Amino acid sequence: MVAGIGNIFLGDDGFGPAVVRRLPPHPEPTVRMTDYGIRGMHLAYDLLDDWDALVLIDALPDRGAPGRVDVFRADHTNEPFTGLDAHAMDPEAVFSMVRTLGGTVPPTVVVGCQVVSVAEGIGLTAPVEAALTPAAAAVASVVADLLERQEV
């Protein structure tokens, strides 16, 4: 599963949905690409299905390189469940909800972009907008790698 997350009304937080909109439909029928936006509960319920992997596309905090695309594996060992807002998107809370509902969070790869601003407003800043094409290429590469490993 490929899931774009983020709030399009908070500037660069809309990175995940923007990347998903750029991705062409995947030819492999087992790959599902969805813009979850801020629908954390929806993503949690969908993760109850038997997925081999999750590729999560999200905005990342600015760590000195706004617009930089980072790809890394998510750590599911933390379980700080404090509640889930059905209209918000906190990956940690979503993963916790999946476990609370009896599911298992699949291995997760995050494709993220360091933000410039998450102030109210629609539209990405120039550095984050420029990261959309490299991020889409990174997602395609990660999915191809995951599919290749699955066939072995």
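Quick notes on this structure:
- Region 23-50 - residue that is in a strand (DSSP E or B) and touching a His at 6+ places or on another chain (Cβ under 8 Å) and, of those, surrounded by the most Cβ atoms within 10 Å (Cβ to Cβ): Y36
- Some residue of region 5-16 being modelled with pLDDT of 95 or more, in a helix (DSSP H, G or I) and open to solvent by 60 Å² or more (accessible area, probe 1.4 Å): no
- Leading residue by the ranking (modelled with the lowest pLDDT) among those in region 78-92 that are closer than 29 Å to P134 by Cβ and either open to solvent by less than 40 Å² (accessible area, probe 1.4 Å) or not in a helix (DSSP H, G or I) (or both): A88
- Among the criteria (1) in contact (Cβ under 8 Å) with a residue 12 or more places away in the chain; (2) not in a helix (DSSP H, G or I), the one V20 does not fulfil is (2).
The values are calculated or read from the model by the stated rules, or taken from the named source; none is laboratory data. Quick caveat, the model's predicted, so the values are computed rather than measured. Every residue, glycine as well, gets a Cβ built from its backbone with ideal geometry; the counts of neighbours run over all protein chains shown. For accessibility, only protein heavy atoms count, side chains too; no ligands or nucleic acids. Shrake-Rupley method; radii C 1.70, N 1.55, O 1.52, S 1.80 Å.
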